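Working notes, beginning with the structure itself.
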Amino acid sequence: MATAVDPSLFKDAAVVLATAGVIVPFAKSFKINSVVAFMACGALLGPFGLGGLVSSIPLLRTITVSSPDALAGPAELGVAFLLFVIGLEMSFERLMTMRRLVFGLGLGQVALSAGLIGAVAYMLGQPAAAALIIGFGLALSSTAIVVELLSARRRMTSSAGRASFAVLLCQDIAVIPLLFLISVLGAQNGGSLLAGLAQAGVQAFAAIAGIVVIGRLALRPLFRLVATTDSSESFMAATLLTALGTGLIAATAGLSMGLGAFIAGLLLAETEYRRAIEVTVEPFKSLLIGVFFLTVGMGIDPAQIAAQPFAIIGIAIGLVAAKAAIVFGLSRLFKLSAATAIETAIMIGPGGEFAFVMLNAAAGAKLIGQDAVSLVLAAVSLTMVTLPLCAKMARNLAAKLAKPVALPEEAKILPPDDHANRAIVVGCGRVGRLVGAMLEEHNKPYIAVDSNPTLVASQRRAGRPAFFGDATKPDFLKLCGIDGASALIVTIDTGKAVDEIVRAARALGPDLIIVARARDAGHARHLYELGVNDAVPETIEASLQLSEAALVGLGVPMGLVIASIHERRDVFRRELKPAAAPAPALPRHGRSRRL
């Protein structure tokens, strides 16, 4: 007979999985940052949210977290895995490449921000040790949110993205000695601080040296052995064992688990298994970090915010303003443009997840009063929740401050003003170049236009008729001779820009043949409603090409394959075109099959 299972033992885990697997993806569909979604769910389901109503409404017990302390272990593991991945990404070569920004801009930001914030905390009555920890804790920013926001906008390689990442990298490095400092200060029982630092330093050095020596001797052979088994399960187990094992060794020596995991990541960054390990640990790290932010949200007390709204909002505004001013000044000192400096400053200004780690650790060590910690962390939570809005504001301000890019001479040449019967290809990227090559092969005259001056200059140097300009503007389309054009072929992959170009072109040329690249079937259907003659969805076209290659490879005669692919393409086209007022059909011999 099976043993009876107590559902309450697994209820908290089910709530966490429901948050990660259902609520967060639902929030992301509305473009809500996943970290913000986890924090909001924590605030809603925690003891200060619906969890506080369990005594009145027992049914809420099934959907709330009964004991936030039960999630403390997984949350600490999340921080350890975050530091493990940071260690993996922190190769010596990468640090040397970015050393000017990491150890110049980043270190300056941490030191100046911590000094200023700590001085304010001290003047407001906090003890020196507490003011120091508050200063350093609030000097740190949110790596998790900022990197996600930059990645989502594909801005990691932009000037502001590189500068922000350099500062965050320096902050992540600084977390390790700061956590060590808290453990030392917490261990003091009225004795000499210098003696305590010396004793803890010797202990820490011995533990770290042991981890490094054992790691160098054992890690590479271990992963080499596991890799030879060709077992993904064994590789995953070895990765998790390494991160967790080194963390536990460090914790046993009186250090933080994150420090041990960070050292393990550094050691593995030097091996050939680095990338495979990153891919393996990513799902666990993301889920456990989600648990961490869930517990952060559970610590948000709306009643406290309602009781001290001006103090919390004042701390939040002061924090962002002080850090942003420091980052902006340092960025300009390091010769970054005003646009880059303002965007970096606004992204780095809000607080981050390590403020919770440091201040909660300090509160546990009786270095800071719980009331002060709650007040400060409420303000940090507020700044983190507003980070997506701050990022949008930063991009807009940066765009206004950005200086016009000096155009290459080739990009200053205007399109021919002869209104000849030729095609206009929008986009000089990979797809646009292929379309232009096909038009040349069949002796069809055309011009190509693009808003990227570098691409235009490259194409002109290659002898192709490329011109610089913004095809979303009707005046530029007129300058390109759209009134006499034979067709407009839109090859760019930015959905909003494609829509604007199609609207402008259709308004200028009601009978113009317009062929446009679409992201998917839904976008293609939308383009047909805007009036294109043909829309080519990337996803459908890719599947048709894969099917064609597979069928030919399986021995189906080429003629039958081509006929069936054409028939299937026509079926998709009929399904996507609106039933009423269909776009004018292209002649069959002139129909563009692939862009």
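Since every read-out is calculated from the coordinates, none of them should be taken as a lab result. Keep in mind the model is a prediction, meaning the values are calculated, not measured. All Cβ positions, glycine included, derive from the backbone under ideal geometry; neighbour counts span all protein chains shown.
Find the Cα radius of gyration of the stretch 10-66, compare it with 2.2 N^0.38 Å by division, and give the number to two decimals.
Taking N as the residue count of the stretch 10-66, the ratio is 1.14.
Rank by packing, highest mean first: peptides 362-368, 413-419, with packing defined as the count of other Cβ atoms within 10 Å averaged across residues.
My ranking of the peptides, most packed first, is 362-368, 413-419.
Output ³J(HN,Hα) for the stretch 433-448: one whole-Hz value per residue in order, computed from phi by the Karplus curve 6.51 cos²θ - 1.76 cosθ + 1.60 with θ = phi - 60°, and x for Gly and Pro.
Whole-Hz 3J(HN,Hα) from phi for the stretch 433-448: 5, 5, 4, x, 5, 5, 5, 5, 4, 9, 6, 9, x, 7, 10, 10.
Which number comes out as Rg/Rh for the stretch 73-401 once both Rg and the Kirkwood Rh are worked out on C-alpha atoms?
Dividing the radius of gyration by the Kirkwood radius yields 0.97.
Scan around Ala448 for amide H atoms under 5 Å from its own, H built in the peptide plane at 1.01 Å from N, and keep only partners 5 or more places away or cross-chain.
So Ala448 has HN proximity to Val425, Ala466, Phe467.
In terms of the Cα gyration tensor, with a ≥ b ≥ c the square roots of its eigenvalues, is the stretch 463-506 rounded because a/c is under 1.5, prolate because a/b exceeds b/c, or oblate?
The shape class here is oblate.
Sorted by mean Cβ packing within 10 Å, highest first, what order do the peptides 292-301, 17-26 take?
292-301, 17-26
Hey, what D do you get for the stretch 409-590 in µm²/s if you plug the Kirkwood alpha-carbon radius into Stokes-Einstein at 37 °C and 0.692 mPa s?
It diffuses with D of about 191 µm²/s by this estimate.
In debye, nearest 20: dipole of the stretch 409-590 around its Cα centre with unit charges on the Cβ of K, R (+) and D, E (-)?
Taking the Cα centre of the stretch 409-590 as origin, the dipole is about 100 debye.
Go through Thr242, Ile313, Phe356 and say which Cα lies farthest out towards the positive end of the charge dipole of the chain; charges sit on Cβ, +1 for Lys and Arg, -1 for Asp and Glu.
Ile313
Quick one: which residues, 5 or more positions from Ile514 or on another chain, have an amide H under 5 Å from its amide H? H modelled 1.01 Å from N in the peptide plane, none for Pro or chain starts.
Leu488, Asn533, Asp534
Stick to the Cα atoms of the chain, pair each with every other, and give me the Kirkwood hydrodynamic radius in Å at one decimal.
Final number for the Kirkwood radius of the chain is 28.0 Å.
Starting at the first residue of the stretch 108-116, write each ³J(HN,Hα) from the Karplus equation 6.51 cos²θ - 1.76 cosθ + 1.60 with θ = phi - 60°, in whole Hz, x for Gly and Pro.
x, 5, 4, 5, 5, 5, 4, x, 5
May I ask for log10 I(q)/I(0) of the stretch 212-304 at q = 0.15, 0.18, 0.19, 0.20 Å⁻¹, from a Debye sum over the Cα atoms as equal point scatterers with solvent left out?
-0.64, -0.85, -0.92, -0.99
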